[in-house]
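Working notes for the structure below.
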Amino acid sequence: MGLQKPVLRAVVPALVPAGVSVVAWAAWLGWDQQYDVAPDGSVSGPYAVWQIAGLVVTALVAVCFTVVRGHSAAAVAGTTAGLTVAACADWSDDASGLFMVGVALVMVGSFVASAVVAAVIDTLRPDRPLAH
């Protein structure tokens, strides 16, 4: 028994932002695992600001693409799932177990950010009738 069309119509649009999010994480952040130590002994990283900005812009494009096509919930769910899975996979080798705190923050942050972007785009879309 295959998936029914309503299920496919709900799931398939979420796969685009989810896939883009996972690939974007790997492209922007996945290769950089080293912390930077400054001459004064301070430690930063492993990610630079430009890497995070690249990931955010890439995910934003995927959210916008999906929302404009009328799949706001799929944009939010897909982006949140993709970034959460990518963070969990990337950080799971942390021996302290605290990586789950970071993963939870990524999940909440990506959910809130993508939901706000989806709501703004939905509000601004000219093909949507204004509520009376």
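Summary of computed values
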read-out	value
Selection count, the range 116-129, where residues are in a helix (DSSP H, G or I) and farther than 13 Å from Leu60 by Cβ	4
Filtered residues of the range 6-52 (kept if over 18 Å from Val106 (Cβ atoms), assigned to a loop (DSSP other than H, G, I, E, B) and of a type in the set (A, V, I, L, M))	Ala38
Of residues in the range 67-115 being of a type in the set (A, V, I, L, M) and assigned to a loop (DSSP other than H, G, I, E, B), the one farthest from Arg9 (Cα to Cα)	Ala95
The range 27-47, subset out of contact with any helix residue (DSSP H, G or I) (no Cβ under 9 Å at 6 or more places or on another chain) and among the hydroxyl-bearing types (Ser, Thr, Tyr), residue farthest from Phe99 (Cα to Cα)	Ser42
Search result, residues across the range 107-128 that are small (Gly, Ala, Ser) and within 18 Å of Val22 (Cβ to Cβ)	Gly109, Ser110, Ala113, Ser114
Counted residues, the range 1-58 - those being β-branched (Val, Ile, Thr), surrounded by 13 or more Cβ atoms within 10 Å (Cβ to Cβ) and within 20 Å of Cys88 (Cβ to Cβ)	5
Complete set of residues in the range 59-106 that are more than 17 Å from Gly19 (Cβ to Cβ), of a type outside the set (Val, Ile, Thr) and crowded, with 19+ Cβ neighbours inside 10 Å	Ser72
Counted residues, the range 107-122 - those being of a type in the set (Gly, Ala, Ser) and surrounded by fewer than 18 Cβ atoms within 10 Å (Cβ to Cβ)	2
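Laboratory data are not the source of any read-out in this text; all were calculated from the coordinates shown. Note that this is a predicted model, so its numbers are computed, not measured. Reconstructed Cβ throughout: ideal geometry from the backbone, glycine too, with neighbour counts over all protein chains shown.
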